[in-house]
Every structure is written in C-alpha cells, then in structure tokens.
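Working notes, beginning with the structure itself.
The values are calculated or read from the model by the stated rules, or taken from the named source; none is laboratory data. Because the structure is predicted, anything quoted here is derived from the model rather than measured. Cβ: placed from backbone, ideal geometry, glycine included. Neighbour counts: every protein chain shown. The protein model used for the area step is the full one, side chains on, heavy atoms only, and it has no ligands, DNA or RNA in it. Shrake-Rupley method; radii C 1.70, N 1.55, O 1.52, S 1.80 Å.
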Amino acid sequence: MKKILTFIAALMLCFGLQAAEKKTIRISTNDIDLILQTSPANRLYQVYFGEKLSSSADFSKFDWKVKPGSDGSYGERGHEAYACSGTEDSFEPALAITHADGNLTTYLYYKSVQQKAVNGGTETIIRLADDQYADEVTLHYVAYQKENVIKTWSEIKHNEKKPVTLWRYASGIFYLNASKYYLTNYHSDWAREGQPATQQLQFGKKIIDTKLGTRAAEQSEPFFELGIDGPARENEGTVMLGTVNWTGNFSCTFEVDNVNCLRVIPGINPYASDYILKAGETFKTPEFVFTMSNNGTSQASRNLHDWARKYQLWNGEGTRMTLLNNWENTGFDFNQESLAQLMKDAKDLGVEMFLLDDGWFGNKYPRKNDHAGLGDWEPTHTKLPGGIPALVKAAQNAGVKFGLWIEPEMVNPKSELYEKHHDWVIEQPNRKTYYYRNQLVLDLSNPEVQNYVFSIVDKLMTQNPNITYFKWDCNSPITNIFSPYEKEKQGNLYIDYVRGLYKVLDRIHNKYPKLEMMLCSGGGARCDYAALKYFGELWPSDDTDPYERLYIQWSMSKFFPVKALAAHVTNWNKNTSVKFRTDVASMCKLGFDIDLKTMSPDDYKYTQGAVANWRRLQDVILNGEQYRLISPYEGNHMAVNYVSQDKQKAVVFAYDLHPRFQEPLLNVRLQGLDPNKTYTVKEINLMPGKASTLDCDGQQYTGDFLMKVGLNILTANEGTSHVLELQ
Ligand code: GLA
C-alpha cells in the first residue's frame, strides 16, 4: 500500500499535480477560535470552532474530513467554509446558484486570504471561486478580540454570460460538534414579544424565520441562544448567542446531520426570493453577529452589549433623553393648545423631550383614526394651524426638546399619495387587496420611492431643524406582494425592499448625523441589530403592563444593551402602583406615555424623583455591565443589577411579582462588584414621606459579602419593587 502511495505521489509530482500546500486561516478573539483549512483539492473547510486553543503547534493535525462511518464512507465530505449545493455534502447548503446554463451545482476553491486591522478588531477576507463557472464568493469575518464577538457576511458575484439565480445565500455557516444542542428561540406576537422556547435539537432541521417583510420580527425574533452540551444557563456552560442583522425576512437554519454535527446557517430567508443577479453585480448578505461564552448566557449578553454600544448602536456611547409621549394619553385627540400644555407638563415632570405621536398629518384625508392619511405628511391645518413650527416653538418655550412620530414606509388608500402614485405601492394588480391596519406598504425597491421617503424626513428637518427625534413606526407587514417596479424580477422584492430602506436611512444618517430616532413597529416587530445602526432606541413592545414587561425586558436584554430598549410608564395594568410601573421602566431607557393628571399627588411627586434619579444614574444603567440575577421565568421575583465600568457604583432593581403563600424568600446575591470594595447601600425611588423598610438601607458591605451572602430585599407582597443605589 505504502509503495503504491509513494508511486502516486511521484507520478503527481512528475505531472505537476502536487497537492496545494495546506493553508490554515485562524479567526480568533480572546476566547473563541474559528479555524479554517484547505484540503488537498484546495477547497476550504472549517476544522475547529469553539473555545480558544492555547497553542498553534497542533494545527497541522486537524482533519478536514467528516469522521467516516464504520464502512469508511463519506468520501470527500467535510465541513465546507461556505457549503454549496450539488457537492458531496447533501445537507443544507449556504449557497445555491442556478447558473446561466441551468446547472445547479457550485464548487468553490480557495483563492486567497487577507487579514487586516479594522476599528476594534481584525478582518479576515477570503476569496473563493468556482473552477467551471465565473462565480466568486468573498467571505468576511471581523473578530473583535476584547468583546469576543465575530461578525461575518459574504459577497457573491459572477461574470457569466446571462444573469444567474441565487436561491440560497447565507451570511455564513458554522459547524458545532457536541453531544447535545439546545436551542432557545424567541417567538412573538403583538404585545407578546420575546417569548423564549427551548428545545433539544436532534437529527433534522429546525428553522426560525419570518415571511412578513416589513414587520419582520412580529412572530419570530432574529436572534437565538444555543446551549452546547446542555440547555443554556445564565452563569454556567457553553452558550452561543447569534443574531442576523437584517430588517426583513431572515432565516436561521439549525441542522443536525447523520454524525450529530450541528450546522448553523443564518441569513436572509430565501422564501419567495429567488434572486436574479446580473453579471458584475455583487450580492452582499447581511451580517451575522455572534458570541460564545463558557460562563453561560449572562457573559455572552455582556459581550454583545459591549460590542453593540461600541460598534453597532447609533450614538452607542452617548446619552439618551427621557421623554413624555402622548399616544397612550390622547390617542388621535389633541390640538395645538393641548400639546403645548403637555410640553409644559413634560418639563414639570423633569423629562427632556416631548414626543408627538400619530395623528398630526393629512388635510384632504385628515388622520383622525388609523383609516386615512398615511402618506400625506403635512400637518392637519384645522387641528394644528401653526403646523410643526408652532409646536417646536411651544416646546422651546416649555424648555423641552421636540420629537415627532412618522410612519414613512406606509400609505393608506385614503390618501393623496395613493391617488397620485398608485404605482409606488406594493399591491396585486389582478387580485382583491387585503389590508393590515387599513394600510399598504410603499415599494422601497423603487429609487423614486426611496427619494420620496427620504424627502419626508428631509422636508420636516429642513423646515424645522429643531426637531431632535423621530419615532419611526411600521405598522404593517408587506401584504399583497407584487412590485410594479421589479417587473419580472419579483423574487428580488423582499431583499431589494430592505436594501432600499437602508439607502434611505443612510441618507438620513449622513445628512442628519445627530438626529436621534427610535424604531417602533406596532410594538417590537423590528427589534434587530441592523436597525441599531440607525436608531438609538428600539421599542420592544406596546405591552407596558409592568408584569409582562419584566419578562419582555429579561428576554430582550439577552441580546440588546438596555440603552437601546425604550421603556415607558403607562396606564397599562392600573392595578399596579405607579412606583412599580416606573421602577420596571427604569431598568431600560426611561420614558412616560401617560396622562399625568391621573396620578395622585404622591405618585406624581414620586415620579419626579424617579426621573431625577434615573437621569443621575443613567451612566450606570445604560453604560454599565448588566447582571440578570433572578429570572421571572423561574419564580415569582425578578432582580437585575448594573455595575459601572469602574465598579465604583451599582444599581439594583428587585421586583416581587406574584409571590406564593409563605414562600421562602432567598437573599438576592449581587454580581459583578469588586469583592474588595466597600459599598454603601441606599434605597431610592421611595414614595414621598416613606422611609425604607429594608434592613440594608444605609448599611455598608464589601462587594464580597454582597455577592456571596446577598441582600434580603425580596418580599411576599405582590407588585412591589425596590431600587438600590450602591456607592
Ligand atoms: C403603533 C405603535 C404605538 C403608536 C401607534 C400609533 O401601534 O406601537 O406606540 O405609535 O402605532 O398609531
């Protein structure tokens, strides 16, 4: 046998067929290694993904092949860095192309690699190409060492004689080898966002995806938590958190194959999206962002929070404004005078901004309810005779900033825009139209429509440069899918829509870099990482019942820094105290959307104090490290603490939801403090005239004691809350 092999090798040498030298590509952070290697045939395989390896001495010993079955089978099958359809691997591919001649197979060969320093990390760029077709794929991986976050995307382009059709175009593909895998995905509905569901992944596929187009995350969130070897736990075990940066149809496929290897394939959902790509054009996938931790989800979340604040979130390291919104208070029923009064109320409450919600626009078809007006972004003269300038002036007089609600991607059939530009609307030409909230979606694949949507913000800003904030809403999914603009390329619409949206947002961003925006989508139907680039805040849910919020905020904080999560005090669930509602909202970016006149004098006074406390502590809450201490999913209480980056300060929030009779009340053990520092504990957000009932109030403790013994702050009283400031 040995003789035969030597003979073959000699023969190969004679004919210049020497196997290409094995190339190793290492993509690593402080704690993670992702290692790729070329095979003798010069194809690229993932040979390792997991905890960082301490030495590269053994890297030559990696085996690119899938471990053979007992009969030595599987041939040339390995974990290809960007698996393609039609190769030896018959599991889910990352890429599938119908070439100009109808061929469905793609084989990618390694061409080159480049590694360079980028802001905060190292980018690895790998070029792969087909040997039979003029198709090329470039894989990008940016590894952020300190935050242990890797972001990856791919670029597909070709030079074939005719357009090709892409039907799989993942952002990347990752293979895990472990005994067991547990996926926690988050499903949603209106007012029920971020509901976790955990299951063991076994042979076959589990796909989390959406087909809603615009309100993409209404039913399924674009992020996941993966427990490796066991279900994900808060502070122990190996866990991967990942999210697809795409404000549209995403998909994440988890497939366990015949040898118990799990492949994770994140990207755009190819549903109804066979994408026609012309020669010379580049198809860039969305980014997939992920982290891994060997100390459970808590650490993984902090990795994402730190990374997002530094590299993804709009003004991630800046401050946020507290605000008073009028939606839950007035609905559509307001006028210039009542708004001017609310602005004064906002000032008196102590918040920095007044936000005018829906119902300020439309003249031929005034927006009196949600049946008309979307598309006509002129203030309703009868309601607001002085227009936006008078409102901006009133805000200035009151001493608050002014923010405005818009829903610029939408149109009501009852609008002048619809009458003038029917061809700008996504709607079936030959079927009966159905409506979601009485509205339709504008066709943002069309550059003319992009110009129009940009002009809505541009015009408002040109005429009123003192608008400081927009609440950008999106209350309908894409319905009646058909684009007059895309013509025979209807499969491109879902994708070109999102790209069109980003073009508009980029223009706004470039022209008004300081303009702050919140992204809302009938609640939290658009909470995704791509949006963070343009929006300083996301609205996680219309559900502001504080009990429900504790669950929603718990889930959302696994992925998003609380700086990006707006939380408003409202009159949802009036059975709870104003204090409880405010303390719950104070865990995120605090705001109010409530008729302040419904509050008792004591509640109002309490609220003013809570706003002042929040503003004073915003640096700890929004820029500190978050530690989730007690999960509402595991009992009748919830607790979280935030620690400033220098560990000098901390804020603790503890809530009693629905405690059981004589339930044992355990101490809340804090996390993330400096064990050697001494902290003074002070209860804040107390009702006027009430002293703290907690034994720990005013006491000093070492960080060590607070973390090992903890504080007795839970109670058996339904709907109570305690906020502690530690110095
Ligand atoms: C959506 C939002 C609400 C409010 C209304 C206005 O439902 O989630 O906060 O802005 O639209 O129509």
Query raised in the report: For the peptides 348-354, 300-306, 422-428, what is the packing order when you average, over each peptide's residues, the other Cβ atoms within 10 Å and list the highest mean first?
Result: 300-306, 348-354, 422-428
Query - Flagged links, alpha-carbon separation over 24 Å, of 162/533; 344/459; 284/489; 401/471 - result: 162/533; 344/459
Query raised in the report: Ignoring any ligand, DNA or RNA, what whole percent of the accessible area of segment 323-542 comes from carbon and sulfur when the probe is 1.4 angstrom?
Result: 51
Query raised in the report: If you take the square roots of the eigenvalues of the alpha-carbon gyration tensor of segment 52-211 and sort them as a ≥ b ≥ c, do you get rounded (a/c under 1.5), prolate (a/b over b/c) or oblate?
Result: rounded
Report summary line: Counting Lys and Arg as +1 and Asp and Glu as -1 over every other residue whose Cβ sits under 10 Å from the Cβ of residue 227, the net charge comes to 0
Query - Within straight-line cross-link reach of residue 574, lysines at Cα separation under 20 Å, skipping those fewer than 8 residues along the same chain - result: 597, 605
Query raised in the report: What are the lysines whose alpha-carbon lies under 17 Å from the alpha-carbon of residue 23, with same-chain residues fewer than 8 places away excluded?
Result: 61, 65, 111
Requested in this report: Run the 1.4 Å probe and let me know the accessible area of residue 22, rounded to the nearest 10 Å².
Outcome: 90
Query raised in the report: If one computes the Cα centroid of segment 37-65 and of segment 139-200, what distance in Å separates the two points?
Result: 21
Query raised in the report: Based on the alpha-carbon gyration tensor of the chain and its eigenvalue square roots a ≥ b ≥ c, which shape applies: rounded if a/c is under 1.5, prolate if not and a/b is larger than b/c, or oblate?
Result: oblate
Query - Heavy atoms of residue 360 accessible to a 1.4 Å probe, total area in Å² rounded to 10 - result: 0
Query - Label zone at residue 666 (point 7 Å along Cα-to-Cβ), backbone N below 11 Å, segment 607-630 - result: 630
Query - From phi via Karplus (6.51, -1.76, 1.60), per-residue ³J(HN,Hα) for segment 513-530 in Hz, x at Gly/Pro - result: x, 8, 5, 8, 9, 10, 9, 10, 8, x, x, x, 7, 9, 8, 9, 6, 5
Requested in this report: Give me the accessible area per residue for the chain, probe 1.4 Å, as a whole number in Å².
Outcome: 39
Query raised in the report: Rg to Rh for segment 2-312: what is it, with Cα atoms only and Rh by Kirkwood?
Result: 0.97
Query - Accessible-area value, residue 420, 1.4 Å probe, nucleic acids and ligands omitted, Å² - result: 150
Report summary line: Extension length gain for residue 463 and residue 344 (0.36 nm per residue less Cα distance), in nm, is 40.5 nm
Report summary line: Rounded to whole angstrom, the alpha-carbon centroid of segment 597-613 lies from that of segment 677-716 at a distance of 22
Query raised in the report: Hey, any idea what % of segment 221-284's accessible area is carbon plus sulfur with a 1.4 Å probe?
Result: 47
Report task. May I ask you to give the percent of accessible area on segment 628-726 that is carbon plus sulfur, with a probe radius of 1.4 Å? Result -> 48
Query raised in the report: Between residue 214 and residues 5 or more places away or on another chain, which pairs have amide H atoms under 5 Å apart, with H built 1.01 Å from N, and which residues are they?
Result: 478
Requested in this report: Give, as a single signed number, the net charge of other residues whose beta carbon lies under 12 Å from the beta carbon of residue 109, with Lys and Arg counted +1 and Asp and Glu -1.
Outcome: -1
Report summary line: So for segment 105-184, using the alpha carbon gyration tensor with a ≥ b ≥ c as root eigenvalues (a/c under 1.5 gives rounded; past that, a/b versus b/c decides prolate or oblate), I'd call it oblate
Report task. Using the Karplus curve 6.51 cos²θ - 1.76 cosθ + 1.60 with θ = phi - 60°, work out ³J(HN,Hα) for each residue of segment 383-400 in order, rounded to whole Hz, and write x for Gly and Pro. Result -> 7, 10, x, x, x, 5, x, 5, 6, 4, 4, 4, 5, 4, 4, 6, x, 10
**Report entry** Extension reserve of the residue 571-residue 716 stretch, reckoned as 0.36 nm per residue once the Cα distance is removed
**Finding:** 49.8 nm
Report task. Taking each pair of different alpha-carbon atoms in segment 616-727 once, compute 1/r for the pair, average those values, and report the inverse of that mean as the Kirkwood hydrodynamic radius in Å to one decimal. Result -> 14.2
